[in-house]
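Working notes, beginning with the structure itself.
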Amino acid sequence: MQKVRRTERIVAMTKVLTDQPNQLFSLNHFSSLFGTAKSTISEDLGIIKEAVVNYGIGIIETLPGATGGVRYLPYSTTDRIQQLVEQLCIKLTNPERVIPGGFLYMSDILFSPQLMTSVGAIFLTKLAASKPDHILTVETKGIPLAMMTARAFNVPVVMVRRDSRVTEGSSVSINYISGSTRRIQTMSLPRRALPQGARVLVMDDFMKAGGTAKAMIDLVHEVGAEVVGTAVLVATAQPEDKLVRDYCALMVLNKIEDTTREIEVQASPWITKGDLT
C-alpha cells in the first residue's frame, strides 16, 4: 500500500468523522484504512481534535478500552447558537411570511438542509443528557428537523402518521385537538416502530397549545416507550399554559398580525442566557 501523507490522513479522517456524527470508530479502523500504526493515528486525531475545538465546530471524543474508539460530536458553542437563532428570528419576521388566517410560513427554513443540520446540532448540545434511542415526529413538516437532529444523535427517526397504513402493520391511533386549527385530528403510530422501553425525543416544528406534542407523547406511552424530552423549533408565547409543560423551543413567537403583517419572534430565554445545561 502506498504511504499516505499526514495531511491526507487528517483530511480523510475529518471527513469520515464529521460525515457520521456520534458514530464510534475504532483506532484499528483508521489504522487498517491508512496502513499506519495506531500511535500515529492517535497523533493525527490530536491535531483534528484541537482544530475542531478551536473553530467551535464540535468536539472529538476518545473512549478508552477494548470497545472504545473515537467519534465526532457536533456540539455548538453558545456564540454559534445565539448567532444562528438570531439569523432565524430575522428571517421569520419578514412580513411576507404572514399567511391568511394568522399563520407563519416556515417551509423554506424547515426544508433547508444547511439550516436544519445546524439546528440539529443545537438540540444535540442542549439535550445530550437525554440520550434518546429514537427521534419521533409527525408528518410532514417536522421531518427535516427530526432527521437532522437524529443525524446529530446518530439514532433513527420514527414518523407518526395522520392515518394508519396497512403496509406498516398494526398501529395505535388516538384523536386529539390541534392547537393551531382547533380541529379534532387523528394520528397513528405503528406498534413495531418503537421497542418496549425505548427512550424517545419528541420533536415538532411548531407548538401553539401543545395538542400535537401531547398526542405524540401519549402514543409513545401507549406502546410502552419512554419520553425523555420534547423539542420544537418555534413555540407561541400564548397560550402560556400549554398541554406540554416541559419542552425545549429555539424561538418564541410573541405576535403575528394578519392585518398589519407584523411578526415578533425572539430567541428562547435559555439561548439569550447561554444556558446549555
Condition first: outside any helix (DSSP H, G or I) and within 18 Å of GLN82 (Cα to Cα). Can you find one or more residues in region 235-242 that meet it? yes
Among (1) under 26 Å from GLY101 (Cβ atoms); (2) touching a Leu at 6+ places or on another chain (Cβ under 6 Å); (3) of a type outside the set (Ser, Thr, Tyr), where does PHE206 come up short? (2)
Restricting to region 1-36, count the residues that are hydrophobic (A, V, I, L, M, F, W, C), touching a Lys or Arg at 6+ places or on another chain (Cβ under 7 Å), farther than 26 Å from ALA150 by Cα and surrounded by fewer than 17 Cβ atoms within 10 Å (Cβ to Cβ). 0
Region 138-161 - residue that is closer than 21 Å to ARG192 by Cα and β-branched (Val, Ile, Thr) and, of those, surrounded by the fewest Cβ atoms within 10 Å (Cβ to Cβ): THR140
Can you say whether ASN22 is under 24 Å from ASN154 (Cβ atoms) and either assigned to a helix (DSSP H, G or I) or basic (Lys, Arg) (or both), as far as the supplied structure shows? no
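Conditions (1) among the aliphatic types (A, V, I, L, M); (2) on the phi > 0 side of the Ramachandran plot; (3) surrounded by fewer than 17 Cβ atoms within 10 Å (Cβ to Cβ), marked per residue:
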| residue | (1), (2), (3) |
| --- | --- |
| GLY68 | no, no, yes |
| PRO100 | no, no, yes |
| PHE103 | no, no, yes |
| SER107 | no, no, yes |
| ILE122 | yes, no, no |
| THR125 | no, no, no |
| ALA128 | yes, no, yes |
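Coordinate-derived values only; no laboratory data. Remember, it's a predicted structure, so these values are computed and weren't measured experimentally. Don't worry about glycine lacking a Cβ; one is built from the backbone with ideal geometry, like all the others, and counts go over all protein chains shown.
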